[in-house]
């Protein structure tokens, strides 16, 4: 495995990049626009941010960092109307938990078994971090698309 001096800052930088992209994409949108579902079969940007917040708080915060977070996954897709400032603040707090948890990992901790919903897919803590990073960026891509769709609509 790569040296901790490479792994930890690289992962932290990646999650900071995701955080910055979420803020950049939501900056021109109102709180109301965050909850618009441009398509009846999809999610709103707000729901995707709730989902990312829940995902990171559960898989990294609770399962690796021991925060005690209890996930309410169905609410991530059904809730609506949370003000933009609060939505982004909760997301930012999840990112801070991720960064702190990354910093607390030792060489041995990275290879420790991962237990949680991803257990069949992520055997180690390091793999759980990678899966969460990939999952987050997948949803950033969806948010890019939804933000562009909202830009076409007149509000």
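The values are calculated or read from the model by the stated rules, or taken from the named source; none is laboratory data. In this text the structure is predicted, and so the values were computed from the model without any measurement. Every residue, glycine as well, gets a Cβ built from its backbone with ideal geometry; the counts of neighbours run over all protein chains shown.
Beta carbons closer than 8 Å, at least 6 apart along the sequence or on distinct chains, pair a first residue in region 64-78 that is at negative phi and in contact (Cβ under 8 Å) with a residue 40 or more places away in the chain with a second that is crowded, with 16+ Cβ neighbours inside 10 Å and part of a helix (DSSP H, G or I) for 64/101; 64/125; 64/128; 64/129. For region 125-138, the criterion of a residue being at pLDDT 95 or above, surrounded by 14 or more Cβ atoms within 10 Å (Cβ to Cβ), part of a loop (DSSP other than H, G, I, E, B) and touching a helix residue (DSSP H, G or I) at 6+ places or on another chain (Cβ under 9 Å) is satisfied by no position. Within region 99-120, is even one residue touching a helix residue (DSSP H, G or I) at 6+ places or on another chain (Cβ under 7 Å), part of a helix (DSSP H, G or I) and farther than 19 Å from residue 7 by Cβ? So far as region 99-120 goes, no, none of its residues is touching a helix residue (DSSP H, G or I) at 6+ places or on another chain (Cβ under 7 Å), part of a helix (DSSP H, G or I) and farther than 19 Å from residue 7 by Cβ.
Please verify whether residue 146 is under 13 Å from the mean Cα position of the chain (by Cα), touching a residue at least 24 places away in the same chain (Cβ under 8 Å) and either assigned to a loop (DSSP other than H, G, I, E, B) or buried (at least 19 other Cβ atoms within 10 Å of the Cβ) (or both), treating the condition exactly as stated. It is false that residue 146 is under 13 Å from the mean Cα position of the chain (by Cα), touching a residue at least 24 places away in the same chain (Cβ under 8 Å) and either assigned to a loop (DSSP other than H, G, I, E, B) or buried (at least 19 other Cβ atoms within 10 Å of the Cβ) (or both). Evaluating residue 57 against the criteria (1) over 14 Å from the mean Cα position of the chain (by Cα); (2) part of a helix (DSSP H, G or I); (3) farther than 16 Å from residue 85 by Cα leaves one unmet condition, (1). Looking at 7, 70, just one residue is assigned to a loop (DSSP other than H, G, I, E, B) and over 12 Å from the mean Cα position of the chain (by Cα), and that residue is 70.
Residue-level check: of (1) within 15 Å of residue 52 (Cα to Cα); (2) loosely packed, with under 12 Cβ neighbours inside 10 Å, residue 85 misses just (1). All of (1) more than 15 Å from the chain's Cα centre (by Cα); (2) buried (at least 19 other Cβ atoms within 10 Å of the Cβ); (3) farther than 16 Å from residue 35 by Cα hold for residue 94 with one exception: (1).
Per-residue answers, yes or no, for (1) surrounded by 13 or more Cβ atoms within 10 Å (Cβ to Cβ); (2) touching a helix residue (DSSP H, G or I) at 6+ places or on another chain (Cβ under 6 Å); (3) more than 20 Å from residue 100 (Cα to Cα):
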position: 17; (1), (2), (3): yes, no, no
position: 20; (1), (2), (3): no, no, no
position: 26; (1), (2), (3): yes, no, yes
position: 37; (1), (2), (3): yes, no, yes
position: 42; (1), (2), (3): yes, no, yes
